[in-house]
Each structure stands twice: as structure tokens, then as C-alpha cells.
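Working notes, beginning with the structure itself.
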Amino acid sequence: MSLYEKVIYPFEWIVSWILWGWHSLFTFIGLPSASGIAWVLSIIGLVLVMRAAMIPLFVRQIHASRRMQLIQPEMQKIQAKYKGKSDPESRQAMTSETMDLYKRTGTNPFSSCMPILLQSPFFFGLFRVLNNLQGIADGRHEIIGPISRKLAGEAEQSTLFGAQLSDKFIGADNLTVQIVTVVLIILMSVTTFTTQHQLMRKNMPASALDNPFAKQQKLLLYLMPLFFAISGVNFPIGVLLYWLTTNVWSMCQQFYVIRKMPAPGSAAEKAMQERHRRAGKEVKEFTVKGLDRGEPEAEQPKPTSGQRQQPSRKKKKGKGSTKPEQKPQTDN
């Protein structure tokens, strides 16, 4: 067993148990064990379990994303301060100030990647389970979790609109398999495009749409269908179904976030505040602890303990002043 197989096997085991649990539920309520609908619903159930388990992490991701939006002006100040400076001291100072900003505001720029990173092993675990169904049924591959040879044979022979869930576009001599694969890839592209388009059109401030990162997102928005077309033809139909269900979940989740937890300064936030005003609800603004929202430049900060206070210049008396000078009092 290779290192990759050793690393991915625990995820194969978890995936097989979740699939078996849903399949047992659907057969208990009357669906035939070998029917395609039972295994299709089991794959959809796998997505529901995985994404529901990641909801707390997703909430943290949303809060981190909103914090990142609010600290962008401070980030731009730091970048402008060290613009054109490439010496090691300046680069180190810029990194130090950036990390200090993240620490003060409780912001983690990598939080948005965590759901994808956590879900990826299960995605490949499902790929390996579906890819090895025929080997398990024939006895050429060891049993994975509760997926027995009988169940593997039923799953391998189950179909979606006439195409087996274990079939791929590449190497398929069945037109039905190719049509089902293409339809799933198109649906995957549409759901992903809709999700990202809504995010950029409604849930990003105007200032954030002009930076290089936003331009890269726009480019990826139109390259994603090409990515799905290239990669999708290599995956079994069952994996494409898992992928499509995940995209649908993400799209619905994004709609909820845009409406209930919009990014600060975005069109979605203004729309939410307007809805609250019409309903007579309190309009709250999302703030970040430890973020200096900006002080008027003319106003000098008060000295704190440990800082030397500069002496103020005394106003000279005019010649016509008749006020006698007060002598300091001394104790007898």
C-alpha cells in the first residue's frame, strides 16, 4: 500500500460507513437495495452529512471574511508605507506589521480555505470507493468498511438515467454515459458560476472589486467551466453527482449569507439595512475588535503613562498688565 493509499484510507472508511448508513435507511423505508435511486440518494446524504458537520467552521469563515473586508484600508496603508522598498529590513517590518494587524483584529486570511481543504480528502475517498466497487465485488480488492461484496456489486450496477454510477466519460462506449456526464458538468458549471457571480455582484464592496485579487476571481469565474470539463470527464458519475450536490449546497448557503450576513460596505449590506429600517428593526454595523477605524488628524492623542509630556509655551504678559506676580507659598 502506497503512502497516498495509507493517508486516504481512513476517509474511504468514513465515506463507506456514511453511504452504508443512508443506503440502509432508504432500503428500510422500501427502496430496492440495488436501485440507482437508493445509491443516488445515499451520495446526496453523504454531502448533507459532510456539509452540515462543517457549518460551525463555515460560520467562522464568514466572520473572518467580513473582518478581512474591514481591515483592507489598514492593509492598504501598510502596503503604501513600504511601497518600492525591497530591502530585507523593510520586508520584515511590513510582514511584522501585517501579522500584528491580523493578531489585533483576530483575522485569519486562511480561514476561507479551510472548508475546501477539509472536504477534499472525503471527495477523493468517495472517488476511490466508487472506483474500487467492481474490484470489491469481484474479490480483487479488499472490503472497505461495511461495503460487502454484495453491496459493492449492487452499487456498481446501479444506474442514473441508464448510466452506471461507477462509469466515466473517458473510456465509455455508451452514449448515455457521455450524455449524463456532460449534463452533470454543465450543471456544475452553472451552479458554481451563479454562486461566484452573486458573491462578486452583491457581497463585495466597490473598493474590493478594483484590486488584483478581484480581477483574478473574475478570470477564474469564466475559466471554471473549462476546469470542470477537463477534470470531470475523468471522474465517475457518482463523484460528479457528489460534486454537483456540493455546489448546490454552496449556492444556497451563499444566498443565505448574502441576505443575512453580508460583507461590510457591500450592496447586500445596504439592502439588509434598508430592510431593517422598513421593518423598524435596529440597524447594526459589523465591527472588528482592535481595529482603529481612524481618528481626525487634527486631534492629538492624549499622553499615556510612561510618555513625556512636552511643556506648553507660556503666553507673555503685556506691558499694561497690572496683575501682581504671586509668590510661591512656603511652609513655616
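The values are calculated or read from the model by the stated rules, or taken from the named source; none is laboratory data. These numbers were taken from a predicted model, which means no experiment stands behind them. Note that we place each Cβ from the backbone using ideal geometry, even for glycine, and neighbour counts take in every protein chain shown.
Annotations for the structure displayed:
- Flag if Pro262 is surrounded by 13 or more Cβ atoms within 10 Å (Cβ to Cβ) and either in contact with a strand residue (DSSP E or B) (Cβ under 7 Å, 6 or more places away or on another chain) or at pLDDT below 80 (or both): yes
- Annotation note: Cβ proximity below 9 Å between a residue of the range 270-285 that is assigned by TED's automatic domain parsing to the domain that holds Ile258 and at pLDDT 80 or above and a residue that is exposed (fewer than 12 other Cβ atoms within 10 Å of the Cβ) and assigned to a helix (DSSP H, G or I) (sequence gap 6+ or interchain) occurs for Met272/Lys260.
- Residues of the range 153-200 that are among the acidic types (Asp, Glu), free of Cβ contacts under 8 Å to residues at least 24 places away in the same chain and in contact with a helix residue (DSSP H, G or I) (Cβ under 8 Å, 6 or more places away or on another chain): Glu156 alone.
- Those helices (runs of 4 or more DSSP H) lying entirely in the range 1-101 with at least 2 residues within 21 Å of Ile136 (Cβ to Cβ) and in contact (Cβ under 8 Å) with a residue 12 or more places away in the chain: 3-28, 36-53
- Any hit, the range 109-130, residues being outside any helix (DSSP H, G or I) and closer than 24 Å to Gln72 by Cα: yes
- Top-ranked residue in the range 102-130 [being touching a Ser or Thr at 6+ places or on another chain (Cβ under 7 Å) and at pLDDT 75 or above; ranked as surrounded by the fewest Cβ atoms within 10 Å (Cβ to Cβ)]: Val129
- Every residue from the range 138-180 that is in a helix (DSSP H, G or I) and surrounded by fewer than 16 Cβ atoms within 10 Å (Cβ to Cβ): Asp138, Arg149, Lys150, Leu175, Thr176, Ile179
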